[in-house]
Every structure is written in structure tokens, then in C-alpha cells.
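> Take this structure, written in C-alpha cells, and hold onto it; I'll ask about it next.
The values are calculated or read from the model by the stated rules, or taken from the named source; none is laboratory data. It should be emphasised that the depicted structure is a prediction, and the values quoted were computed from it without experimental measurement. A quick note on method: Cβ atoms are made from the backbone with ideal geometry, for glycine too, and the neighbour counts reach across all protein chains shown. Heavy atoms of the whole protein, side chains included, go into the accessibility calculation; ligands, DNA and RNA do not. Shrake-Rupley method; radii C 1.70, N 1.55, O 1.52, S 1.80 Å.
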Amino acid sequence: MERYPILEFNLEKLYNNTKIITNLCRDYGINVAGIIKGFGGIPEGAEEMARGGCHQIGSSRIEQLKALKERGIDIPLLMVRIPMMCEIEDVVKYSDICLVSERETLNMLNAEAKKQNKKYGVVLMHDLGDLREGVFTKEELVELAEYVEYSLSSLVLEGIGTNLSCYGSVAPTTENLSRLADAASEIENKLNRKLNIVSGGGTTTLPLMVRGGVPKKINHLRIGEGINNTQDLPLYWDTNIEGLDPDVFVLKAQIVELNEKPTHPIGQLMVNAFGDLPHYEDRGIRKRAILALGNQDLGDSSRLVPKDKDIIVLGASSDHTILDIHDCKTEYKLGDIVEFNILYQAMLMTSLSDYVYKKIIK
Ligand SMILES: *Cc1c(COP(=O)(O)O)cnc(C)c1O
């Protein structure tokens, strides 16, 4: 008997989505680094993204890139989290380029690259207001670029990049990306050569790109979500890209209880399993199902999108997810399997959970 919950990972759909995104980006003069951290770095997925036209494969976790190097993948690997001091040796060994923001880290990468007898690529990060990683002023960035170019002989300055809408929720705009473009031009003038990479962010830059708002100078994006979690684009950014398949990942879980119960908890309310006091709407007695799947597997049950549009996800504790199935046309029975699309956080968590079985569909 099949074991549940299962996360199904469809490689053909991943490949097709990758092709659509890389072709579209090419029309705007943009190369794509395919980011694999959202699905736990599953190597077969990385290989499809490489086949689908990505210029690099990237992750925030060096362990995931190491696994790819050891499989012999033939594509440059990009480390997208600025490196820890304790992982410099692995970063140089198992990736080809990384994003960096600290002079001291650059010094360490340079020394390690020399030791490994290797030229190692770096992309300097520029903070445009999201207040996560990156050098804050253009002057400092230009100075750092000159330092890498002229003083760190085992490093290659591949370019500059930025990160938006991650910590500060700052949207990518023509205005803020123009500041990145200006910085790139100034560095190119100072160095008297072109930069290979001017990286304008991740999936959240795609909506601006398709509206024609990304400055020409930007030639690189780092995209995970926009390829493997495509329902986020219309949901969060009002952007429809034709042909993208939302079913790269499908999560399946089994019903362990069916009942009819009131919708408002009975008794004095305190906090739930996670220290929150949610709002419970009183909708009378309703039919419900409990799934053997919980926030331990998912992060947060609100990131589930039921395939049966009549299902309402009411909430979850660590191990149980509660569904309202009152309005469903399907007659659910005990042991039935309920299917979901998953948003980014649920993809991240389920792909890493040892309690969620993985099924790769070729
Ligand atoms: C995760 C990450 C990305 C990719 O983000 P998506 O939303 O999956 O496209 C890009 N850049 C950095 C620095 C990241 O950490």
C-alpha cells in the first residue's frame, strides 16, 4: 500500500516551466540562475532546470550544491546566501560563483581559492532598500569592486546584484533597479571592461520584467519560485505567464477522521498549539475531514491550495489538518486521499521533511 503523505514532483512539468521562463527572460536579455533551495535541492530537479535553459544552478545551502558537484553536473553553481566564515572551503570547492557583501569574506574566499588553485567568481551585493544583505552605498560598492579587480588575484569579479522583497518587502521597480544599473555602469567605466552579471533579484522581479520595467542593463535573475511554484505569480503579483503549469508539486494526504461538528470551539478559549488565538467563525454544524498531515510537515496549513475548490482548509496542529468539506460534490470516505497545490513555504517544508514521502515522476 502507498504510504502518505506524499509529495509528487513532476520533472516534465518542471522542465516545461523552466523552458517557458528562460525563453521569456531571453527576450528581455536576461539569463536565469535556477534556484533549487525551495525543493530541498533534489538533484533530479536541478538537472531538469539545467536542461531547461538555466545558465547556472543556485542554492543558499552549500550542501545542496555539493551533492550536484559530486553527481558531476556540468553547469556553473551559484551560492546565493552570502557565505559563512566556517564554510569558505566548501563554498570554493563546491560552487563556482557566490554572492558576497563583506570585504573580509572576499579576503577569505581569495585566500581559499589560491589554496585550491582555482579562480573563483563573485557577485557583489548592493542593498537598494530591502535592508537584507548588501553594500548600502554606491560609492562603497564601486570601491569594493575595484578592490576585488585589482587586489584579489584569485577572484573574478563576475558582477553585481541585489535582493528585493525578502526582508523589507520592497518591490522591485524601474527606479530602484536603475540604481543597480547605474552602479554597474560606473564600475564598468572604472574597470574599463564589461561585467558578466548584473543580477536584478529573484522571482519577484518577473512581474516588472513582463511589464517592460526592468532596465536594459539588468541581464540576470535568480529564479526558483517562478518556475516550480507558479501559482504564486497570479496570486501575489497579478501576473499571468502563459503555459506555466501549477502542478510541478502536488501534495497528497490521507483522511483519518470524518465527522460533523460545530465550527466554533466549545469552552473558554486560550491559545492553540502554536501560541496563537485564531479567529473561529461560527458557521453552524459542518462536515469535516481530518488529514494525517500537519504544520510539522508544512510550516503553515494556510499555504495549502486544495485541488477540490469546495474544500476549505480550517487550520492545523502539528500533525492534523482540518478541512471543511461540507460543500464538496465528492463524497469523501475514510482513507481517501486529498490533493493540494502548495505555496512556497509548504514546498520548502514538505520537501525537507523526513515524514513526507517523495515521489519523482519522470
Ligand atoms: C532564494 C533566493 C532567490 C530565489 O528566490 P525565488 O523566490 O525562489 O525566486 C534569489 N536570490 C537569493 C539571494 C535567494 O536567497
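> Are there any pairs with C-beta distances below 6 angstrom linking a residue in region 65-77 that is open to solvent by 50 Å² or more (accessible area, probe 1.4 Å) to a residue that is outside any helix (DSSP H, G or I), with the two at least 6 apart or on different chains, and if so which?
PRO76/GLN56; PRO76/ASP96
> Condition first: touching a helix residue (DSSP H, G or I) at 6+ places or on another chain (Cβ under 9 Å) and surrounded by 16 or more Cβ atoms within 10 Å (Cβ to Cβ). Now tell me which residues in region 180-196 satisfy that.
Within region 180-196, the subset touching a helix residue (DSSP H, G or I) at 6+ places or on another chain (Cβ under 9 Å) is 182-183, 186-187, 190-191, 193-195.
Within region 180-196, ALA183, ILE187, LEU191, LEU195 qualify.
> Of all strands (runs of 3 or more DSSP E) completely enclosed by region 248-362, which ones contain at least 2 residues that are modelled with pLDDT of 95 or more and closer than 28 Å to GLY226 by Cβ?
Result: 249-262, 304-306, 312-316, 337-342, 357-361.
> I'm told ARG81 meets every condition in (1) of a type outside the set (A, V, I, L, M); (2) open to solvent by 30 Å² or more (accessible area, probe 1.4 Å); (3) over 16 Å from the mean Cα position of the chain (by Cα) except one. Can you identify the failing condition by its number?
Against the list (1) of a type outside the set (A, V, I, L, M); (2) open to solvent by 30 Å² or more (accessible area, probe 1.4 Å); (3) over 16 Å from the mean Cα position of the chain (by Cα), ARG81 comes up short only on (3).
> If I filter region 15-60 down to residues being out of contact with any helix residue (DSSP H, G or I) (no Cβ under 6 Å at 6 or more places or on another chain) and among the β-branched types (Val, Ile, Thr), which single residue comes out as nearest to ILE361 (Cα to Cα)?
ILE42
> I'm checking my understanding of the structure. Among residues of region 165-194 that are in contact with a Leu (Cβ under 7 Å, 6 or more places away or on another chain) and under 20 Å from VAL142 (Cα atoms), which one is nearest to the ligand (Cβ to nearest atom)?
This residue is LEU180.
> Of all residues in region 263-294, which are without any contact (Cβ under 8 Å) to a residue 24 or more places away in the chain and among the β-branched types (Val, Ile, Thr)?
Within region 263-294, ILE266, VAL271 meet the criteria.
> Would it be correct to say that LYS217 is of a type outside the set (Asp, Glu), open to solvent by 20 Å² or more (accessible area, probe 1.4 Å) and more than 24 Å from ILE360 (Cα to Cα)? Explain how you work it out, then say what you get.
Details: of a type outside the set (Asp, Glu): yes; open to solvent by 20 Å² or more (accessible area, probe 1.4 Å): yes; more than 24 Å from ILE360 (Cα to Cα): yes.
So LYS217 passes the test.
> Could you list, in sequence order, the residues of region 94-106 that are touching a residue at least 24 places away in the same chain (Cβ under 8 Å) and either under 14 Å from LEU157 (Cα atoms) or surrounded by fewer than 16 Cβ atoms within 10 Å (Cβ to Cβ) (or both)?
ASP96, ILE97, CYS98, LEU99, VAL100, SER101, ARG103, LEU106 - these are the residues of region 94-106 that are touching a residue at least 24 places away in the same chain (Cβ under 8 Å) and either under 14 Å from LEU157 (Cα atoms) or surrounded by fewer than 16 Cβ atoms within 10 Å (Cβ to Cβ) (or both).
> Is one or more of the residues making up region 183-194 free of Cβ contacts under 8 Å to residues at least 24 places away in the same chain and within 24 Å of GLY58 (Cα to Cα)?
yes
> Oh, and also: Counting only residues that are open to solvent by less than 10 Å² (accessible area, probe 1.4 Å), part of a helix (DSSP H, G or I) and within 21 Å of LYS69 (Cα to Cα), which one in region 19-54 is nearest to the ligand (Cβ to nearest atom)?
The extreme case among them is GLY38.
> Follow-up. Considering only residues of region 1-18 that are outside any helix (DSSP H, G or I) and hydrophobic (A, V, I, L, M, F, W, C), which is surrounded by the fewest Cβ atoms within 10 Å (Cβ to Cβ)?
Once the filter is applied, the top-ranked residue is MET1.
> Okay, moving on. Among the residues of region 159-194, which ones are among the hydrophobic types (A, V, I, L, M, F, W, C) and either on the phi > 0 side of the Ramachandran plot or outside the structural domain of LEU144 (by TED's automatic domain parsing) (or both)? Please lay out each step first, then the result.
Within region 159-194, the first condition is being among the hydrophobic types (A, V, I, L, M, F, W, C), and the residues that meet it are 160, 164, 166, 170-171, 177, 180-181, 183-184, 187, 191.
Result: no residue meets the conditions.
> Quick check on my filter: what residues within region 195-244 are of a type in the set (Asp, Glu), at positive phi and within 12 Å of the ligand (Cβ to nearest atom)?
Hits for region 195-244: nothing passes.
> Another question about this same structure. Those residues that are in contact with a strand residue (DSSP E or B) (Cβ under 9 Å, 6 or more places away or on another chain) and either closer than 26 Å to GLY41 by Cβ or open to solvent by 60 Å² or more (accessible area, probe 1.4 Å) (or both), I need them from region 322-347; list them, please.
We begin by selecting, within region 322-347, every residue in contact with a strand residue (DSSP E or B) (Cβ under 9 Å, 6 or more places away or on another chain); these are 322-328, 332-343, 346-347.
Within region 322-347, HIS326, ASP327, LYS333, LEU334, GLU339, PHE340, ASN341, ILE342, LEU343, ALA346, MET347 meet the criteria.
> What's the number of the only condition in (1) within 16 Å of the ligand (Cβ to nearest atom); (2) over 16 Å from CYS86 (Cα atoms); (3) open to solvent by less than 20 Å² (accessible area, probe 1.4 Å) that VAL142 fails to meet?
(1)
> Given the structure, is GLY53 touching a Lys or Arg at 6+ places or on another chain (Cβ under 7 Å) and more than 17 Å from GLY159 (Cβ to Cβ)?
Working: touching a Lys or Arg at 6+ places or on another chain (Cβ under 7 Å): yes; more than 17 Å from GLY159 (Cβ to Cβ): yes.
Yes: the conditions hold for GLY53.
> If you scan region 303-316, which residues turn out to be surrounded by fewer than 15 Cβ atoms within 10 Å (Cβ to Cβ) and among the small types (Gly, Ala, Ser)?
None - no residue of region 303-316 is surrounded by fewer than 15 Cβ atoms within 10 Å (Cβ to Cβ) and among the small types (Gly, Ala, Ser), so the list stays empty.
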